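Undergrad: For reference, the structure I am asking about is given below.
The values are calculated or read from the model by the stated rules, or taken from the named source; none is laboratory data. Keep in mind that what you see is a predicted model, and the values were worked out from it rather than measured. Here the Cβ positions follow ideal geometry from the backbone for every residue, glycine too, while neighbour counts run over all protein chains shown.
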Amino acid sequence: ALTAGIVGLPNVGKSTLFNAITQAGALSANYPFATIDPNVGIVEVPDPRLQKLTELVNPKKTVPTAFEFTDIAGIVKGASKGEGLGNQFLSHIRQVDAICHVVRAFEDENITHVSGQVDPISDIETINLELILADLETVSKRIDRVAKMARQKDKDAVAEYAVLEKIKEALENETPARAVEFSDDQQKIVKGLHLLTSKPILYAANVSEDEIGAEDNERVKQIREFAANENAEVIVVCAKIEAEIAELDGEEKQEFLEDLGIAESGLDQLIKATYNLLGLATYFTAGEQEVRAWTFKEGMTAPQCAGIIHTDFERGFIRAETVSYDDLVDAGTMGAAKDRGRVRLEGKDYLVKDGDVIHFRFNV
Ligand code: GDP
């Protein structure tokens, strides 16, 4: 399963946020991929369409889709020098598909800050620098290997060499690989390098209790400006309040949010943004037994999506009876959607779209 890693300097609110995630956490019984690692929290992806489909179909059970957050603890400063725990920190980041970087934007004199003062940009740069240095080492090693072949005019080596040089130059200017522009062909080469600074990133600005639902404070503004230059997104949360919200359910939660003057909890916003960051989308199955949301990666075909439910579905795939969520809701029932000619029979090359409601036909 895809996972997003939570990173941040000490005392920025990582554990508080991660505890909110596990508190709000999904029942692992529904999610067979769920690990029992205490550093992994499963979150359900909030999706109002699921509620609507449940009303239409009236199934016995409704199951949202979910993914994992991993709490990446460990020593940050000096990590790239490869000392013990620092090394572990980097290898954990290597394993995640996206990075959620928690940055302290709250003021609280009782909670010390590692560098003596709250300066979000300097905090961000401290972590980014370690990732940049680690990548610089990866790239330099690779250049040593490729340079010789490139001199012999090996076509692939020449192409890779050009990409490596471009990344190296960026890294030396403390620019992450994700901020460098590449052609589609070059992107493929970049992907193969598995760099830490090319992983998609999102900043979670942790503000104080009284700043939720208020205008951005100075630090949040700074973080937004920084992120914009990197094409990264920013979510504003108050980890402490998220921990409280996580203990509430349904109506209670809704009332609490209304009191705060916000439409959606920071955690829910974070989950959605991370989901998009991972390039994920949702399709639905809607039967009388179960209405369920399934996560797929954009660009996946109908048989591949069938395989997410069960490998037999992919192997024996015949076709996918597909209706878009909007068409189904418009029609009111599956039967009415069929009468209107809105239910398509899609074959093995069909690229599934976000919001498709699918019934897979397959041979066993
Ligand atoms: P970590 O070291 O990054 O995991 O940080 P923690 O989650 O342990 O938080 C460090 C301290 O900051 C704890 O005392 C938290 O209660 C406090 N803290 C975390 N988030 C907030 C917040 O949003 N507002 C305030 N006032 N304190 C917070």
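Undergrad: Looking only at residues in segment 219-254 that are within 16 Å of the ligand (Cβ to nearest atom) and over 22 Å from the mean Cα position of the chain (by Cα), which one is surrounded by the fewest Cβ atoms within 10 Å (Cβ to Cβ)?
TA: Keep residues of segment 219-254 that are within 16 Å of the ligand (Cβ to nearest atom), which gives 219-220, 223, 234-247.
Retained after the next criterion (residues that are over 22 Å from the mean Cα position of the chain (by Cα)): 219, 244, 247.
Values: ARG219: 22, GLU244: 14, GLU247: 12.
Applying the filter and picking the extreme gives GLU247.
Undergrad: Of the numbered conditions (1) modelled with pLDDT under 90; (2) in contact with a strand residue (DSSP E or B) (Cβ under 9 Å, 6 or more places away or on another chain); (3) away from the ligand (no atom under 12 Å from the Cβ), LYS77 fails exactly one; give the number of that condition.
TA: Going through (1) modelled with pLDDT under 90; (2) in contact with a strand residue (DSSP E or B) (Cβ under 9 Å, 6 or more places away or on another chain); (3) away from the ligand (no atom under 12 Å from the Cβ) one by one, LYS77 breaks only (2).
Undergrad: While we're here: Give just the number: which of (1) in contact with a Ser or Thr (Cβ under 7 Å, 6 or more places away or on another chain); (2) in a loop (DSSP other than H, G, I, E, B); (3) among the aliphatic types (A, V, I, L, M) does ALA243 not satisfy?
TA: (2)
Undergrad: Scan segment 117-146 and report the pairs whose first residue is assigned by TED's automatic domain parsing to the domain that holds ALA177 and whose second residue is acidic (Asp, Glu) and crowded, with 16+ Cβ neighbours inside 10 Å, with Cβ atoms within less than 7 Å and a gap of 6+ or a chain change.
TA: Going by the 7 Å Cβ cut-off, the qualifying pairs are VAL146/GLU160.
Undergrad: Is at least one residue of segment 262-271 away from the ligand (no atom under 16 Å from the Cβ), free of Cβ contacts under 8 Å to residues at least 12 places away in the same chain and either over 30 Å from ARG142 (Cβ atoms) or touching a Cys at 6+ places or on another chain (Cβ under 9 Å) (or both)?
TA: The initial filter retains those residues of segment 262-271 that are away from the ligand (no atom under 16 Å from the Cβ), namely 263-264, 268, 271.
Adding the requirement that they be free of Cβ contacts under 8 Å to residues at least 12 places away in the same chain leaves 263.
Add one more test, that the residue is either over 30 Å from ARG142 (Cβ atoms) or touching a Cys at 6+ places or on another chain (Cβ under 9 Å) (or both), and what stays is 263.
Yes, segment 262-271 contains a residue that is away from the ligand (no atom under 16 Å from the Cβ), free of Cβ contacts under 8 Å to residues at least 12 places away in the same chain and either over 30 Å from ARG142 (Cβ atoms) or touching a Cys at 6+ places or on another chain (Cβ under 9 Å) (or both).
Undergrad: Test ASN58 against the criterion of being at pLDDT 80 or above and within 16 Å of the ligand (Cβ to nearest atom), and give yes or no. Break it down into steps so the answer makes sense when it comes.
TA: Numbers: at pLDDT 80 or above: yes; within 16 Å of the ligand (Cβ to nearest atom): no.
No: the conditions fail for ASN58.
Undergrad: Is there any pair with a first residue in segment 239-254 that is touching a residue at least 60 places away in the same chain (Cβ under 8 Å) and a second that is within 15 Å of the ligand (Cβ to nearest atom) and assigned to a loop (DSSP other than H, G, I, E, B) whose Cβ atoms are under 7 Å apart and which are 6 or more apart or on different chains, and what are they?
TA: ALA239/GLY13; GLU242/SER265; ILE245/SER265
Undergrad: Also: Just one of LEU278, LEU257 is of a type outside the set (S, T, N, Q), surrounded by 18 or more Cβ atoms within 10 Å (Cβ to Cβ) and farther than 23 Å from PHE67 by Cα; which is it? Before you say what the answer is, go through the steps one by one.
TA: Numbers: LEU278 fails: farther than 23 Å from PHE67 by Cα.
Just a single option satisfies the conditions, and that option is LEU257.
Undergrad: Identify all residues within segment 35-50 that are at pLDDT below 95 and either farther than 21 Å from THR16 by Cα or touching a His at 6+ places or on another chain (Cβ under 9 Å) (or both); write none if there are none.
TA: Start the filter on segment 35-50 by keeping residues that are at pLDDT below 95, which leaves 35-48.
Once the filter is applied, which keeps residues that are at pLDDT below 95 and either farther than 21 Å from THR16 by Cα or touching a His at 6+ places or on another chain (Cβ under 9 Å) (or both), segment 35-50 yields ASN39, ASP47, PRO48.
Undergrad: Shifting gears a bit: Could you tell me which numbered condition VAL190 fails, if it satisfies all but one of (1) buried (at least 17 other Cβ atoms within 10 Å of the Cβ); (2) in a loop (DSSP other than H, G, I, E, B)?
TA: (2)
Undergrad: While we're looking at this one, here's another question. Of everything in segment 50-67, what is surrounded by fewer than 18 Cβ atoms within 10 Å (Cβ to Cβ) and not acidic (Asp, Glu)? Give them in sequence order. I'd like the intermediate steps shown before the answer.
TA: So the first thing to find is which residues in segment 50-67 are surrounded by fewer than 18 Cβ atoms within 10 Å (Cβ to Cβ), and the list is 51-52, 54-56, 58-62.
Within segment 50-67, GLN51, LYS52, THR54, LEU56, ASN58, PRO59, LYS60, LYS61, THR62 qualify.
Undergrad: Here's something else I'd like to know. How many residues does segment 89-118 contain that are of a type in the set (D, E, K, R), modelled with pLDDT under 75 and in contact with a Leu (Cβ under 7 Å, 6 or more places away or on another chain)?
TA: Initial filter on segment 89-118 (of a type in the set (D, E, K, R)): 94, 97, 104, 107-109.
Now restrict to residues that are modelled with pLDDT under 75: 109.
Okay, now just the ones that are also in contact with a Leu (Cβ under 7 Å, 6 or more places away or on another chain), so none.
Residues that pass the stated criteria total 0.
Undergrad: Could you please let me know if VAL7 is modelled with pLDDT of 85 or more and within 14 Å of the ligand (Cβ to nearest atom)? It would help to see each step written out before you state the result.
TA: Details: modelled with pLDDT of 85 or more: yes; within 14 Å of the ligand (Cβ to nearest atom): yes.
When the stated conditions are applied, VAL7 passes them.
Undergrad: Another question, if that's okay. Can you pull out every residue in segment 109-164 that is loosely packed, with under 15 Cβ neighbours inside 10 Å, of a type in the set (A, V, I, L, M, F, W, C) and within 16 Å of the ligand (Cβ to nearest atom)?
TA: Correct list: ILE111, VAL114.
Undergrad: Another question, then. When ALA24 is evaluated against the numbered criteria (1) buried (at least 21 other Cβ atoms within 10 Å of the Cβ); (2) at pLDDT 80 or above, which criterion, by number, is the only one it fails?
TA: (2)
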